[in-house]
Amino acid sequence: MQVITRSCVLLFWMQTLTFVRSLEHLPDCTLQDFLNGPLFDSNFNTTGLEARYVGGKQITVSCRTGYSGFFQLLCIEGEWQSRGTKCQLSSLPAQKCPVIHVSTNVQVIGDPEEANIGNVVQFSCKSNSDVLIGLQEIYCNEKGEWSGEAPICKVMSCLVPVIENGNVPGNIQEYKEHDILHFQCNPGFQPSEDRPSKCTKLGLRAGWNPTPECEPITCKLLLPPLDGTEYDPSYKSVFSPGDTVTVRCGQSHWISDQLQTSTVVSCKEDGQWSLRPVCQEVTCSNQKDPLVHSWDVYWGQQKKLGDEVVYGCKSGYRRTGGATRARCTREGWKPDPLCQAPLGCQIPPPLENGDTKNSMKFSYIRNERVEYICQAYHIMQGGPFKTCSDGEWTGEIRCLKPCTVDEEAMRTRNLIFRYSGKHKMYASHDDWIVFWCRTGRPVGSVEMRQKCVDGVLQLPSCQ
């Protein structure tokens with residue numbers, strides 16, 4: 001029964017709130033319109049009436065002394081509509097209502113002592129720190145009785161509210177102005193407002209603002225979604241704990257990280273999504289890399305997917321891959337890194353029939369050189385240095401072999417040779433050797449002079 005009563009009260013207040021909100025945007029009505037209009041009667045008592053009233057406002061106009069009746073006016077779309085009858089002359093002596101006694105802190109508008117039938121008395125508090133307890137307005141009815149009791153003013157306070165699906169812990173029953181209500185919701189429910197409820201003066205009354213209410217825990221989606229974001233399912237915006245939603249991003253957006261364009265998010269028990277279900281646009285940092293010298297991005301400029309930037313590297317560094325522009329990608333700026341130090345080299349390659357002049361190291365810096373020497377009787381071609389250039393050794397070096405003479409082959413071919421006037425059993429590369437026949441003469445037209453070419457020597461024959 002209590003739940004039904006609460007539900008009815010809640011429904012009533014919701015309907016009232018809807019009606020009031022619907023009237024918020026109506027045109028105002030003015031006192032001057034009433035005084036100049038057909039509804040006005042000179043026997044009305046307009047003392048205490050305001051110059052302007054908002055749309056939807058209802059006021060009561062009393063009669064002057066000696067007249068009975070009262071008039072209710074309702075402001076509808078900028079025009080006054082009447083409720084009741086005009087003032088009528090009362091029979092002598094006029095019917096009066098008893099004197100009203102109020103506290104000294106209560107402000108009275110109207111005559112609480114000489115009130116005829118139809119007269120209206122309004123009340124308010126003299127102090128802004130007080131609130132009115134009781135009716136704001138009463139009138140003298142046809143029986144010569146007041147329509148209600150006179151109110152009182154007391155220091156503003158708020159009572160502990162009854163919160164459906166929630167409770168207020170502790171024993172405090174009354175709160176002062178600006179006090180915050182600390183309440184908690186039952187499992188599966190959460191406060192309907194993120195702001196704390198504060199004891200606040202609402203017009204002439206005291207109340208909690210915002211209203212402390214508990215609602216079922218849900219996760220919400222913004223519909224329609226932001227640009228670059230799609231939801232599946234797309235037909236609902238409120239989800240219960242355990243429900244899931246697939247988030248898909250556009251070609252230039254991401255979710256979770258810049259490489260992901262789709263993910264599944266779930267509604268947690270606390271009403272929060274496991275991941276914020278909004279796709280972000282792919283961007284690249286506008287901060288200059290420490291190794292970059294010139295950077296074609298001004299301060300605060302946003303660079304997005306596909307944007308390019310002309311850049312240059314600091315002295316001693318080079319652009320990676322020979323690039324002249326950096327491109328914004330999902331992985332960040334490419335190439336990565338934008339600049340790099342010139343590459344060094346490892347142990348220099350071995351030289352056939354030769355060696356390095358000095359002992360070798362495990363690593364060499366850019367432009368460092370290594371000197372080579374050839375073995376005995378070998379002639380060096382090129383060199384004598386190899387140079388470390390961007391991770392590779394450059395420089396062509398060969399150690400050309402000498403030629404040796406096989407004595408047995410010489411006897412078989414009936415040859416002897418003379419070299420620079422001396423007999424030698426070897427010759428260096430590019431040396432010429434003149435052969436003689438020990439007896440007889442050369443075979444055919446074979447040249448009796450041969451050249452040593454990298455260890456190869458052709459032997460003629462004698463007949």
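Among residues other than LYS86 whose Cβ falls under 14 Å from its Cβ, what is the net charge (Lys/Arg +1, Asp/Glu -1)?
Combined, the nearby Lys, Arg, Asp and Glu give +1.
Aspartates and glutamates within cross-link reach of LYS288: Cα-Cα under 19 Å, excluding same-chain residues under 8 positions apart?
Candidates past the 8-residue exclusion: ASP296, ASP307, GLU308, GLU331, ASP336.
Per residue, how much space in cubic angstrom lies within the convex hull of the C-alpha atoms of the chain?
Per-residue hull volume (Cα only) is 341 Å³.
Compute the signed sum of charges (Lys and Arg +1, Asp and Glu -1) over the other residues within less than 11 Å, Cβ to Cβ, of THR356.
Result for the local shell: +2.
For the stretch 158-244, give the magnitude of the charge dipole about the Cα centre (Cβ charges: +1 Lys/Arg, -1 Asp/Glu; no others), in debye to the nearest 20.
The calculation lands at about 400 debye.
Have a look at THR200, SER234, LEU222 and report the one farthest towards the positive end of the charge dipole of the stretch 187-240, computed about the Cα centre with Cβ charges (Lys/Arg +1, Asp/Glu -1).
THR200
Taking the Cα centre of the chain as the origin, how large is its charge dipole in debye, to the nearest 20, when only Lys and Arg (+1) and Asp and Glu (-1) carry charge on their Cβ atoms?
3080 debye
Dipole magnitude of the stretch 344-400 about its Cα centre, charges +1 at Lys/Arg Cβ and -1 at Asp/Glu Cβ only, in debye to the nearest 20?
The calculated dipole for the stretch 344-400 is roughly 120 debye.
Considering only protein heavy atoms, what per residue accessible area in square angstrom results for the chain with a 1.4 angstrom probe?
Per residue, the chain has 63 Å² of solvent-accessible surface.
Mind pulling the angle between the C-alpha long axis of helix 2-23 and the longest principal axis of the chain? Nearest 10 degrees, somewhere in 0 to 90.
90 degrees
Kindly give the semi-axes, whole Å and largest first, of the ellipsoid equivalent to the stretch 329-429, taking each as the square root of 5 times a Cα gyration tensor eigenvalue.
Each semi-axis is √(5λ); the values are 49, 14, 10 Å.
Give the cross-link partners of LYS314 among the aspartates and glutamates, using a straight C-alpha distance below 14 Å as the criterion and excluding same-chain residues fewer than 8 apart.
Candidates past the 8-residue exclusion: ASP289.
In the stretch 185-242, carbon and sulfur make up what percent of the accessible area (probe 1.4 Å)?
Roughly 52 percent of what the probe reaches on the stretch 185-242 is carbon or sulfur.
Would you kindly find the accessible area of THR104, with a 1.4 Å probe and non-protein molecules such as ligands, DNA and RNA excluded, rounding to the nearest 10 Å²?
120 Å²
If you take the charge dipole of the stretch 232-334 about its Cα centre, with +1 on Lys and Arg Cβ and -1 on Asp and Glu Cβ, which of CYS328, GLY316, GLN260 is farthest toward its positive end?
Going by the charge dipole, the pick is GLY316.
Could you give me the ³J(HN,Hα) list for the stretch 451-459, computed from phi with Karplus coefficients 6.51, -1.76, 1.60 and θ = phi - 60°, whole Hz, x at Gly and Pro?
Whole-Hz 3J(HN,Hα) from phi for the stretch 451-459: 10, 7, 10, 6, x, 10, 9, 7, 9.
The values are calculated or read from the model by the stated rules, or taken from the named source; none is laboratory data. Bear in mind the structure is a predicted one, so any value in this text is a computation, not a measurement. No Cβ is skipped: glycine too gets one built from the backbone with ideal geometry, and neighbour counts run over all protein chains shown. These area figures cover heavy atoms from the full protein model, side chains too; ligands, DNA and RNA do not enter into them. Shrake-Rupley method; radii C 1.70, N 1.55, O 1.52, S 1.80 Å.
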